[in-house]
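Written below as structure tokens is the structure these notes are about.
The values are calculated or read from the model by the stated rules, or taken from the named source; none is laboratory data. What you see is a predicted model; the values in this text were computed from it and never measured. Cβ placement follows ideal geometry from the backbone for every residue including glycine, while neighbour counts extend to all protein chains displayed. Keep in mind that these areas ignore ligands, DNA and RNA; they rest on the heavy atoms of the full protein, side chains included. Shrake-Rupley method; radii C 1.70, N 1.55, O 1.52, S 1.80 Å.
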Amino acid sequence: MASVDGEKVVSNKQVTLRDYVSGFPKESDMYVTTGTVKLKVTEGSNAVLVKNLYLSCDPYMLDLMRPTTSLDATYFAPFKPGSPIAGYGVAKVLDSAHPNFKKGDLVRGVTGWEEYSLIAETDFLFKIEHTDVPLSYYTGILGMPGMTAYAGFYEVCSPKKGEYVFISAASGAVGQLVGQFAKLLGCFVVGSAGSKEKVDLLKNKFGFDDAFNYKEELDLDAALKRYFPEGIDIYFENVGGKTLDAVLLNMRTHGRISVCGMISQYNLDEPEGVKNLMDLVYKRIHMQGFVVTDYYHLYPNFLDTVLPGIRDGKIVYVEDIAEGLESGPAALVGLFSGRNVGKQLVVVARE
């Protein structure tokens, strides 16, 4: 530890973007470097200095590794080659010039992939009020993925007891929660995933009525007819492509499709076409995309639903934890090959 002008300066390990990415991301598209940071905020700046504890790996981050992004520029800006990448995380406040945050506060929000971050834009930084649950949960079940599951299922799908629900990428950070929300409401729930281990999790850990490994199904339409002989009322879409095409054939009249993501399409030079869109017309299906930031005002309602479920064991959550910033690039890239089991996050420090 050194000092500059009487202020402490420490080394700051960072995950930096090497260059813009096209197609499938590679670990070599990022590298770990070490900079320095002052442990003091400039007075009058409104900035907050934090020590990062947990970082969230999320599919949308790939879009920010490209020179232009289709994501809402109000909330997301493309990463810059030669600079640290950023994402949702959990951190501890070391110093603050902002009236809403003080030293020692635990916070969640957008932060850098580095040991320490000076956060000048604090619109998406929130104080953590409930610390009787694991702090890492604020990257997942109590963070952006959890809010995504809540908004996409309850607000977009308007679910009712007894309905038939299908979830793709169902063991991921969002899907595992959507399935549990649906079961708590009294729905019949089936999920798809990409390995036997994940299918077992869905059935034995998360309480899905059934699940299947989509890699073992040569005919997805036939598979869905097997699991949903009466059709699907609600489809929570995380995959796109051939899965969406097969689901459209199996939707019931007045069904709802909540489009959260399409991970099968993210790395394709040419997106796959969808052939069965006329089913939207014939069956009067409501298909809606959504962005979680539109629903952040509902976070208190979300906590009222989820926190009691966590505390009494009615809602469970599986995390895939990578240790240390050095493991960050591999953990993030692994999302796109399905290497993670549950919510992927990186531990920078535990306190």
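Taking all protein chains as shown and a probe of 1.4 angstrom, SER117 keeps an accessible surface of around 0 Å². Cross-link check: pairs LYS92/LYS215; LYS92/LYS161; LYS102/LYS343; LYS13/LYS314 evaluated at a Cα-Cα cut-off of 31 Å; pairs beyond the cut-off: LYS92/LYS215; LYS92/LYS161; LYS13/LYS314. Placing a label point 7 Å from the Cα of GLU27 along the Cα-to-Cβ direction, the residues of segment 322-348 whose backbone N falls under 18 Å from that point are 322-341, 344-348. Extending 7 Å from the Cα toward the beta-carbon at both GLN288 and THR42 defines two label points whose distance is 4.4 nm.
When LYS203, LYS343, LYS26, LYS314 are compared by accessible area at a 1.4 angstrom probe, the order from most to least is LYS314, LYS26, LYS203, LYS343. Surface listing: MET251, MET144 arranged by accessible area from highest to lowest gives MET144, MET251, probe 1.4 Å.
Given axes a ≥ b ≥ c from the Cα gyration tensor, I'd like to know whether segment 280-347 is rounded (a/c under 1.5), prolate (a/b larger than b/c) or oblate. Oblate. Using the Cα coordinates of the chain, the gyration tensor eigenvalues translate into equivalent-ellipsoid semi-axes of 38, 22, 17 Å, sorted from longest to shortest. Distance between the 7 Å Cα→Cβ label points at PHE126 and TYR299: 0.3 nm.
What residues of segment 103-135 lie in the reach of a label at LYS80, counting those whose backbone N is under 16 Å from a point 7 Å from the Cα along Cα→Cβ? Flagged as within label range: 112-113, 118-121.
As a calculated quantity, the FRET efficiency between ARG350 and ASN100 at R0 = 22 Å, using C-beta atoms, amounts to about 0.30.
By definition, a body whose alpha carbon gyration tensor gives a ≥ b ≥ c is oblate when a/c is 1.5 or more and a/b is not larger than b/c, and segment 1-154 fits this oblate description. Between the listed residues SER337, PRO308, ALA322, the Cα displaced farthest toward the positive end of the dipole of the chain, a dipole computed from Cβ unit charges relative to the Cα centre, is found at PRO308. Sorting LEU49, LEU118 by solvent-accessible area of protein heavy atoms yields LEU118, LEU49, largest first, with a 1.4 Å probe.
Fully extending the segment from ASP221 to ALA330 would add 35.9 nm, taking 0.36 nm per residue of separation and subtracting the current Cα-Cα distance.
At a 1.4 Å probe radius, carbon and sulfur cover how many percent of the accessible area of segment 1-135? The nonpolar share, carbon plus sulfur, comes to 48 percent.
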